[in-house]
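Notes for the one structure printed next.
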Amino acid sequence: MSAGMPVRRHWLPIGLEAERRLDTPRWLPLATLGVGLLVALLISGALLAIIGADPLLVLRHILIASFGSLGVLSDTLVKATPLMFTGLACAVAFRMRLWNIGAEGQLFLGAWGASAVVLVPMLPAGVSPFIVVPVMLVCGILAGALWGGIAGWLKARFGVNEIITTLMLNYIAIQWVRFWVFGPWSEGGFQLSRQFPREAWLPRLTDFASVVRDFAGLTVHLGLVIAIVCAVLVWFWLSRTRTGYEIRLIGDNPRAAHYAGIDIGRTVILVMLVSGGLAGLAGMTEVSGSVHRLQDGFSPGYGFTGVIIAYLARFNPFGVIVASIAFGGLILAGREIQPAGIPSMIQGIVLFCVISSDVLLRYRLRVVRR
Amino acid sequence: MNAEVILAAGIATGTILLFATIGEILTERSGVINLGVEGMMFVGALAGFRVGIEAGPWLGLVAAMAAGALLALLHAIVCIRFQADQIVSGLALTFLGMGVALVLGDGLAGSASTSALVPTITLPLLSQIPFLGPVMFTNQSALVYAGYVLVPVAALWITRTRPGLHLRAVGEAPSGADALGIDVARTRYRYTCIGGALVGLAGATITLAVTPGWYAAQTTSGLGWIAVGLVIFARWDPWRAIVGAYLIAVIRRLTLDLQGPPDLFGIPNPFFTYQPSTFFLNMLPYVIVILVLVLGSRSARRTGGGAPAALGIPFVRGERGQ
């Protein structure tokens with residue numbers, strides 16, 4: 001049998017035959033995504049049943065623990081916020097088939113850059129939050145962009161594979177943050193910095209509880225709004241500007257892009273800077289909006305989950321928002337799920353099923369008589 | 001700080017990288033890129049450890065290879081049958097492998113009993129060789145010797161045998177290979193699984209020989225990803241792989257040894273007096289991987305890098321590669 005299609009099964013009176021699709025209807029990508037997710041759900045459920053858990057109970061637990069009330073919905077959105085940034089970071093790079101697997105490291109660097117504003121300190125004490133927060137935003141973006149840019153430059157200048165460099169930079173970034181939180185910025189020898197002063201916090205809904213009483217306890221912060229704004233900007237950049245067109249062209253057909261005179265090396269660096277900056281924002285909003293200090297291991301792999309989110313969203317910035325909320329819920333509920341590997345396992349299964357379902361975009365399956 | 005001890009320990013750790021790198025080289029030579037090395041290594045480490053403490057080290061190794069091959073088979077089905085993106089499938093495999101290993105390894109954490117370890121061997125004559133003897137042939141795990149043997153076998157297999165010729169044909173020119181009657185899909189399935197088995201073996205080398213025990217998420221500490229980088233450094237050649245694997249492993253080992261003594265070359269050791277600075281030492285292996293790839297890039301460009309021409313491209317009979 002040759003590679004891949006067609007599928008032939010002669011031991012049944014009817015069979016399944018695949019033929020190449022010539023055109024793709026508009027509804028199809030969403031439908032195959034649905035099929036992929038459904039299969040992922042079934043496989044995950046079966047695996048959970050094998051290891052002795054009740055899949056329906058786990059699903060119910062996840063839904064209640066992450067979307068069951070206004071309070072937990074707010075917590076889900078807090079978890080979803082960094083995922084939106086890392087998802088966008090991956091989507092931008094992947095659209096060009098540039099495999100930035102380093103959103104995790106860029107996130108750590110962004111968090112470090114933002115923390116440096118407070119902990120060095122770069123601004124005198126008691127400065128208005130309207131100055132502190134923007135400076136932290138800029139420093140977070142710059143630090144993340146620097147980390148992404150290194151990989152971009154190495155790729156453009158030396159042709160070094162970006163998957164390896166971004167991954168190695170992840171490990172380096174984590175050690176770098178460890179040095180600061182164990183060393184110069186350690187509070188009393190613990191592996192975390194002192195808490196940031198209030199002017200370095202992103203405003204949360206609960207901060208306005210004196211105005212709207214229902215906001216009390218809701219920790220959703222301004223980072224969510226920034227993430228949505230970024231999604232709109234990324235969408236506009238990719239689909240409505242000349243650079244965005246060039247990125248898409250390089251992604252679809254690098255040779256054609258080269259002959260069209262597009263400077264691929266320059267675009268690689270630019271996209272890695274933007275991608276790193278977005279991931280850096282994830283780190284900044286997380287330390288400023290949620291953790292309020294720099295500490296070791298503050299990310300449960302947001303950067304890696306961003307890879308899956310970008311894929312689920314098919315690189316669409318608005319899809320990233322939706323997928324992030326779903327995964328935010330999974331991460332929130334997953335903290336209580338034992339053993340600890342289950343969320344990672346489910347993420348792997350989802351990714352497998354979604355990319356496998358893409359085969360339905362290229363082939364039409366027909367039932368035939370034998 | 002004894003050079004012989006550091007090199008001997010480096011070679012032991014290097015064996016992990018060596019198995020994984022050779023495995024990935026065989027997979028990629030067939031035109032399939034499998035980035036799930038870290039995940040397969042993880043599952044191999046767990047399978048080896050778990051079966052090892054129950055049924056002895058040898059069955060542990062078999063279980064680890066089977067587990068690695070099984071995950072690789074999943075990757076092969078998704079990439080060859082469904083023609084999905086190999087990069088993303090590999091990433092999915094990493095997530096899946098880590099998740100599965102953490103789930104099955106829940107509550108296992110701890111070190112292995114000595115009965116579960118792969119025995120160490122001192123070779124009678126070779127261990128007498130000055131310097132090389134104590135480094136390479138004294139009290140090394142049987143797996144280290146397997147590594148010595150694997151390199152020439154893999155190299156000769158790829159370059160000097162008929163199946164190796166078919167392997168290269170499928171990776172370089174699948175349409176031509178297909179026209180000659182070589183089953184492209186079957187060859188790719190086969191070498192993806194063989195590669196996975198070797199990566200699984202690398203995982204068991206961690207838990208049953210080099211650092212015996214199961215340390216949950218810390219077990220592989222990025223070694224799988226380093227192996228992926230080493231494949232590029234090695235330019236898909238087993239002989240270069242052994243150099244890279246041992247080099248990186250010796251550096252990793254050196255960073256541990258540098259933290260021990262209070263004095264280095266007569267001056268106070270900064271890594272001893274100020275603990276946080278050891279984090280810079282921990283970065284070193286990863287920095288070296290990047291540096292090595294940068295330094296290798298110039299000659300790699302001149303020679304085309306040595307990457308199989310059809311690497312990462314699904315083969316469909318009668319269609320041009322994308």
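May I ask you to verify whether A:L154 is open to solvent by 10 Å² or more (accessible area, probe 1.4 Å) and either within 14 Å of chain B (Cβ to nearest Cβ) or over 25 Å from A:E187 (Cα atoms) (or both)? For A:L154, the condition - open to solvent by 10 Å² or more (accessible area, probe 1.4 Å) and either within 14 Å of chain B (Cβ to nearest Cβ) or over 25 Å from A:E187 (Cα atoms) (or both) - is met. For region A:273-302: of the residues being among the small types (G, A, S) and under 14 Å from A:K79 (Cβ atoms), which is modelled with the highest pLDDT? The extreme case among them is A:A282.
Within region B:262-316, the set of residues being among the hydroxyl-bearing types (S, T, Y) and at pLDDT 80 or above comprises B:S277, B:T278, B:Y286.
Within region B:156-178, how many residues turn out to be away from every other protein chain (no Cβ under 12 Å) and open to solvent by 10 Å² or more (accessible area, probe 1.4 Å)? It would help to see each step written out before you state the result.
Let us first name the residues in region B:156-178 that are away from every other protein chain (no Cβ under 12 Å), namely B:156-169, B:171-173, B:176.
Still in the running and open to solvent by 10 Å² or more (accessible area, probe 1.4 Å): B:156-157, B:159-163, B:165-166, B:168-169, B:172-173, B:176.
Of the residues in that region, 14 qualify.
Of the set (1) over 18 Å from the mean Cα position of the chain (by Cα); (2) surrounded by 20 or more Cβ atoms within 10 Å (Cβ to Cβ), all apply to A:R364 but (2).
Scanning region B:212-251 for residues that are within 20 Å of B:L284 (Cα to Cα), of a type in the set (S, T, Y) and not in a helix (DSSP H, G or I) yields B:T219, B:T220, B:S221. Considered as a group, the residues in region A:74-98 that are open to solvent by 10 Å² or more (accessible area, probe 1.4 Å) and not aliphatic (A, V, I, L, M) include one that is modelled with the lowest pLDDT, and that residue is A:R97.
Kindly provide the set of residues from region A:159-189 that are among the aliphatic types (A, V, I, L, M) and closer than 27 Å to B:L295 by Cβ, ordered by number. Before the answer, list the steps.
If we filter region A:159-189 for residues that are among the aliphatic types (A, V, I, L, M), which is where we start, we get A:160, A:163-164, A:167-169, A:172-174, A:177, A:181.
Result: A:V160, A:I163, A:I164, A:L167, A:M168, A:L169, A:I172, A:A173, A:I174.
With respect to the conditions (1) open to solvent by 40 Å² or more (accessible area, probe 1.4 Å); (2) within 14 Å of A:K79 (Cα to Cα); (3) hydroxyl-bearing (S, T, Y); (4) in a helix (DSSP H, G or I), A:T305 falls short on a single one, namely (1). All of (1) assigned to a helix (DSSP H, G or I); (2) at pLDDT 90 or above; (3) within 13 Å of chain B (Cβ to nearest Cβ) hold for A:I101 with one exception: (1).
Based on this model, can you work out whether A:F315 counts as assigned to a loop (DSSP other than H, G, I, E, B), within 12 Å of the chain's Cα centre (by Cα) and either of a type in the set (F, W, Y) or farther than 27 Å from A:C139 by Cα (or both)?
Details: assigned to a loop (DSSP other than H, G, I, E, B): yes; within 12 Å of the chain's Cα centre (by Cα): yes; either of a type in the set (F, W, Y) or farther than 27 Å from A:C139 by Cα (or both): yes.
Yes; evaluated as a whole, the condition is true for this residue.
Scanning region B:213-229 for residues that are more than 16 Å from the chain's Cα centre (by Cα) and open to solvent by 40 Å² or more (accessible area, probe 1.4 Å) yields B:Y215, B:A217, B:Q218.
Got a sec? Which of B:A109, B:A84, B:A66 is open to solvent by 50 Å² or more (accessible area, probe 1.4 Å) and closer than 30 Å to A:S357 by Cα? Don't jump to the end; show me each part of the working.
Working: B:A109 fails: closer than 30 Å to A:S357 by Cα; B:A84 fails: open to solvent by 50 Å² or more (accessible area, probe 1.4 Å).
Result of the check over B:A109, B:A84, B:A66: B:A66.
Is there a residue being more than 14 Å from every other protein chain (Cβ to nearest Cβ) and at pLDDT below 95 anywhere in region B:70-79? No, there is no match, as no residue in region B:70-79 is more than 14 Å from every other protein chain (Cβ to nearest Cβ) and at pLDDT below 95. Note on region B:88-108: among residues that are more than 7 Å from chain A (Cβ to nearest Cβ) and outside any helix (DSSP H, G or I), the one that is nearest to B:F42 (Cα to Cα) is B:G105. Within region A:52-60, is even one residue crowded, with 17+ Cβ neighbours inside 10 Å and not in a helix (DSSP H, G or I)? Yes, the conditions are met somewhere in region A:52-60. Checked against (1) more than 14 Å from every other protein chain (Cβ to nearest Cβ); (2) among the hydroxyl-bearing types (S, T, Y); (3) buried (at least 23 other Cβ atoms within 10 Å of the Cβ), B:T192 passes all but a single condition, namely (1).
Would you check if A:T267 is assigned to a helix (DSSP H, G or I), out of contact with any Cys (no Cβ under 8 Å at 6 or more places or on another chain), buried (at least 24 other Cβ atoms within 10 Å of the Cβ) and β-branched (V, I, T)? Steps first, please.
Numbers: assigned to a helix (DSSP H, G or I): yes; out of contact with any Cys (no Cβ under 8 Å at 6 or more places or on another chain): yes; buried (at least 24 other Cβ atoms within 10 Å of the Cβ): no; β-branched (V, I, T): yes.
Criteria not met by A:T267.
Among residues of region B:122-149 that are more than 17 Å from B:P212 (Cβ to Cβ), those with a beta-carbon under 7 Å from a residue that is surrounded by 14 or more Cβ atoms within 10 Å (Cβ to Cβ) and β-branched (V, I, T) at least six positions away or on a different chain give the pairs B:T122/B:T138; B:S127/B:T138; B:V135/B:I11; B:M136/B:I11; B:Y145/B:I121; B:G147/B:T15. Number of residues in region A:219-250 that are more than 24 Å from A:G280 (Cα to Cα) and open to solvent by less than 20 Å² (accessible area, probe 1.4 Å) equals 1.
So if I check each of A:W147, A:W185, which one is part of a loop (DSSP other than H, G, I, E, B), within 13 Å of chain B (Cβ to nearest Cβ) and buried (at least 21 other Cβ atoms within 10 Å of the Cβ)? Before you say what the answer is, go through the steps one by one.
Details: A:W147 fails: part of a loop (DSSP other than H, G, I, E, B).
One residue alone meets the criteria, A:W185.
The values are calculated or read from the model by the stated rules, or taken from the named source; none is laboratory data. Please read all numbers here as calculations on a predicted model, not as lab measurements. Cβ atoms come from the backbone with ideal geometry, glycine included; neighbour counts cover every protein chain shown. All accessible areas refer to the heavy atoms of the entire protein, side chains included, with ligands and DNA or RNA removed. Shrake-Rupley method; radii C 1.70, N 1.55, O 1.52, S 1.80 Å.
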